[in-house]
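Read through the structure below, which is laid out as structure tokens, and then see the notes.
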Amino acid sequence: MEQYQGIKFNVRFLNERVLDYPIQKELIEWGKKLSKLGCIPTYPNPENPGIISSAGNLSARIGDRFIITAAGSNLGELSNNNFVEVWDVDMSEKLIQAKGSEEPSSETMLHYSIYQKRNDVQVIFHGHNQQLLAQCSQLGLKSTKKWYPYGTLELMNSVCDMIKENDRFLIMKDHGFLSFGKTCQQAGENIIQVLSKVEKIKEI
Ligand SMILES: [Zn+2]
């Protein structure tokens, strides 16, 4: 997997309060479940090797904004401190205005653009699983055509060009997956369903 080098945009904090939207409870639970399912790999935090971070991010729409997990958080052990509210995004300036106490996920621009494109999507989960990538075509999964580095506008555009109304799951080529839902339950179950097919292929 590509080496994590931190976020690739600037953040301006409007305030630093800890968020406590009710949906965070569900996101915290799904973070644990997805980690146990092996689709949120962990690594030592590059700035503080004593801290474990994980590769993946969860978000949920709140009105005309959204909340997302903080960059470098461990999805298996999230707390309310690890959520950031994305207040405004300026693509041309690569500037995000946020409320919260930590920097938003490196894929915040990607989540933002998906919420812009798909009004029906309320929740987005992003994770990584090597078997899924390897078996992508056998499983008949929709995928972007080309690899782009994480956190870039190129990756964001490749995803937005590919997703159509009603798509629930997308592979980002040689990178990971995105799951879309109206609820956390739906976004999570999409992943469980796809992973269960990976198991079946293994048994054959
Ligand atoms: Zn990723």
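The values are calculated or read from the model by the stated rules, or taken from the named source; none is laboratory data. If you're wondering where the values come from, they're calculated on a predicted model, not measured in any experiment. FYI the Cβ positions are ideal-geometry reconstructions off the backbone, even for glycines, and counts take in every protein chain you see. Ligands, DNA and RNA are excluded from the accessible area calculation, which covers all protein heavy atoms including side chains. Shrake-Rupley method; radii C 1.70, N 1.55, O 1.52, S 1.80 Å.
Counting alpha carbon pairs within less than 8 Å and at least 6 residues apart, what relative contact order, in whole percent, applies to the range 10-203?
For the range 10-203, the relative contact order is 20 percent.
Rolling a 1.4 Å probe over the protein heavy atoms of the chain, with every protein chain left in place, gives an accessible area that is 48 percent carbon and sulfur. Helices of the chain meeting both criteria, an alpha-carbon length of 27 angstrom or more along the long axis and an average Kyte-Doolittle score not below -1.0, with helices taken as full DSSP H segments, are 184-203.
A cut-off of 5 Å between modelled amide H atoms, ignoring neighbours fewer than 5 places along the same chain, links Asn129 with Phe177. Measuring between their Cα centroids, the range 28-46 and the range 99-165 lie 17 Å from each other.
Using Cβ point charges alone (K and R +1, D and E -1), the dipole size of the chain about the Cα centre works out to roughly 560 debye. Label sites at Lys94 and Lys32, each approximated as a point 7 angstrom past Cα along Cα to Cβ, lie 3.7 nm apart. A compact globular protein would have a Cα radius of gyration near 2.2 N^0.38 Å; the ratio found for the chain is 0.95.
For Glu47 and Tyr21, the FRET efficiency from 1/(1 + (r/R0)^6), where r spans their Cβ atoms and R0 equals 25 Å, is about 0.40. Farthest toward the positive end of the dipole of the chain, out of Thr152, Ser113, Met162, is the Cα of Met162, where the dipole comes from beta carbon charges about the Cα centre.
With protein chains left intact and a 1.4 Å probe, residues in the range 53-138 average 35 Å² of accessible area per residue.
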